[in-house]
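Read the structure below first, then the notes.
The values are calculated or read from the model by the stated rules, or taken from the named source; none is laboratory data. For clarity, every value in this text was computed on a predicted model and none was experimentally measured. Note that we place each Cβ from the backbone using ideal geometry, even for glycine, and neighbour counts take in every protein chain shown. The accessibility values were calculated without ligands, DNA or RNA, using every heavy atom of the protein model including side chains. Shrake-Rupley method; radii C 1.70, N 1.55, O 1.52, S 1.80 Å.
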Amino acid sequence: NAGVTQTPKFQVLKTGQSMTLQCAQDMNHEYMSWYRQDPGMGLRLIHYSVGAGITDQGEVPNGYNVSRSTTEDFPLRLLSAAPSQTSVYFCASSQTLSNQPQHFGDGTRLSIL
Amino acid sequence: KNQVEQSPQSLIILEGKNCTLQCNYTVSPFSNLRWYKQDTGRGPVSLTIMTFSENTKSNGRYTATLDADTKQSSLHITASQLSDSASYICVVSASNYGQNFVFGPGTRLSVLP
């Protein structure tokens, strides 16, 4: 099993550009999430999904969109990149939200110039 | 405000030594507490998950403890190895509807030969 796969691993954008960060999991997990990790801070939830066709906002959703058309894929879209969105982005999946661990991808390192 | 604090911020030990990392939280209502290991450039990997009724859980050389009364947890690493060099993240889950994980900022552990 590949687990959670994120692409690209690195990306540099100019302010105002848009892009999509890809996330795919092959574990048939219902729950998927996007986090950002900034230096000195804990991971913060951007958006999450409890199943195909269902998404909801997390703690820091502004400037980001998501969709969940299949169980496997959960892309994150930056609408108009800003320097404040420079961060490391992690996608995670889990079978449930209760006592099952989240499985994380290896992240996308995004720099906005 | 729900918060998770970890100490120390960073720690350096010699290979073969033991160490203990601390986590204090103010998350309410409490559902479970998780410890993750994050290698440099990788996503977090689950070590343990403890519910309210569990006060100790082990995973190999890693032993987590939980005191729900004082809202404290610790992660003890026995006979450290070079591969233990990583960030260790404490995460507390609140028993609300939806996804409500509060991530600590992590402790950076360096194991030297």
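Rounded to the nearest 20 debye, what is the charge dipole size of the stretch B:34-82 about its Cα centre when +1 sits on each Lys and Arg Cβ and -1 on each Asp and Glu Cβ?
Using only the charged Cβ atoms, the result is roughly 180 debye.
In the protein assembly as shown, carbon and sulfur make up what percent of the accessible area (probe 1.4 Å)?
Reported share for carbon and sulfur atoms: 49 percent.
Using a 10 Å cut-off on Cβ to Cβ distances, tally the other chain neighbours for every residue of A:35-44 and report the average as a whole number.
5
HN-Hα J couplings of the stretch B:28-42 from phi, Karplus 6.51/-1.76/1.60, θ = phi - 60°, integer Hz, Gly and Pro as x?
8, x, 8, 10, 7, 10, 10, 10, 10, 10, 10, 6, 4, x, 10
Give the A-B buried accessible area in Å², both sides summed, 1.4 Å probe, nearest 100.
1600
According to a simple spin-label model (label point 7 Å from Cα along Cα-to-Cβ), what is the distance in nm between B:Gln22 and B:Phe52?
About 2.6 nm, to one decimal.
Would you mind counting up the charge near A:Ala2? Only other residues with Cβ under 15 Å from its Cβ, with Lys and Arg at +1 and Asp and Glu at -1.
Net charge in that neighbourhood comes out at -2.
Figure the gain on full extension for B:Glu5 and B:Leu112 (residue separation times 0.36 nm, minus the Cα-Cα span) and round it to one decimal in nm.
36.0 nm
Apply 1/(1 + (r/R0)^6) to the Cβ-Cβ distance of A:Thr86 and B:Ile12, taking R0 = 25 Å, and write down the FRET efficiency to the nearest 0.05.
With a Förster radius of 25 Å, E is 0.30.
Take the Cβ-Cβ distance between B:Thr70 and A:Asp26 as r, set R0 to 35 Å, and report the resulting FRET efficiency rounded to the nearest 0.05.
Given R0 = 35 Å and the Cβ-Cβ separation, E is 0.30.
Say R0 is 35 Å: what FRET efficiency, to the nearest 0.05, do A:Val12 and A:Asp56 get from their beta-carbon distance?
My answer for the efficiency is 0.70.
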